[in-house]
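Report on the structure given below.
What follows is calculated from the coordinates using simple rules that are stated; it is not laboratory data. Computed from a predicted structure; not experimentally measured. Positions of Cβ are generated from backbone atoms using ideal geometry, with glycine treated the same way; all protein chains shown enter the neighbour counts.
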Amino acid sequence: MDVKEFRNAMGHFASGVTVITTKDEDNFVGLTVNAFSSLSLDPAQILFCIDKGSSSLHAIKKDSPFVVNILQDEQESVCRGFAKKGGDKFFGIDYSLSNEGIPFLKDNLATIHCKVHEIFEGGDHLIVVGNVSDFSCNDNKDPLLFYRGKLGSFPQGSLV
Ligand SMILES: Cc1cc2nc3c(=O)[nH]c(=O)nc-3n(C[C@H](O)[C@H](O)[C@H](O)COP(=O)(O)O)c2cc1C
């Protein structure tokens, strides 16, 4: 199977965009992720998939806290910034700190505070299941979308 063609086919599934944020011993860590899903209502759980080659991987450990920042359509530059490999991705970014000292981004569409519950093998990715401890939503913004390799937003009023 041709990997590029498979990736292209998967790109036909339209999704939102998240940035996963956390920290290691010394630094804040984050990366852009669209392989995100709700998983369970009771207990409240979500999952995301992370490439085994990600430089953020070392910060994702059992019981470690992290935040899912669901992006709105004015956060395209945030999406691009956190899709870069390594480095200080928080420079020039507006963020706050959770009670546990985890950075979460300002002006998100939704913010979900989690703790790593379990990590499963998933081919060249890992599947990270998180227990949700807190969340907040902004109903006055529209989502940032990802479809066939491109970022976009709903045309004004298309959802009503
Ligand atoms: C829209 C979009 C969605 C992405 N989704 C994922 C994803 O679900 N999982 C993943 O591991 N990387 C995903 N990436 C790629 C990472 O953001 C990218 O490889 C980044 O450089 C990883 O940074 P790190 O190596 O510093 O952790 C996505 C990138 C973009 C632009």
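Here are a few things to note about the model shown:
- First in the range 50-71 and at positive phi, second anywhere and surrounded by 16 or more Cβ atoms within 10 Å (Cβ to Cβ), Cβ under 8 Å, 6 or more apart: 63/116
- Applying the criterion of at least 1 residues that are β-branched (Val, Ile, Thr) to the strands (runs of 3 or more DSSP E) found wholly in the range 90-155 leaves 110-122, 125-137.
- The single condition among (1) in contact with a helix residue (DSSP H, G or I) (Cβ under 8 Å, 6 or more places away or on another chain); (2) without any contact (Cβ under 8 Å) to a residue 12 or more places away in the chain that residue 151 does not satisfy is (2).
- Check on residue 6, of a type in the set (A, V, I, L, M, F, W, C), out of contact with any Phe, Trp or Tyr (no Cβ under 8 Å at 6 or more places or on another chain) and either closer than 27 Å to residue 117 by Cα or in contact (Cβ under 8 Å) with a residue 12 or more places away in the chain (or both): no
- Odd one out for residue 115 among (1) crowded, with 18+ Cβ neighbours inside 10 Å; (2) touching a Gly at 6+ places or on another chain (Cβ under 8 Å): (1)
- In the range 72-91, the residues that are surrounded by 15 or more Cβ atoms within 10 Å (Cβ to Cβ), more than 7 Å from the ligand (Cβ to nearest atom) and over 15 Å from residue 103 (Cβ atoms): 72, 73, 76
- Only one of 19, 33 that is within 22 Å of residue 154 (Cα to Cα), in contact with a Gly (Cβ under 9 Å, 6 or more places away or on another chain) and not polar (S, T, N, Q): 19
- Look at (1) within 15 Å of the ligand (Cβ to nearest atom); (2) without any contact (Cβ under 8 Å) to a residue 24 or more places away in the chain and you find that residue 94 fails only one, number (1).
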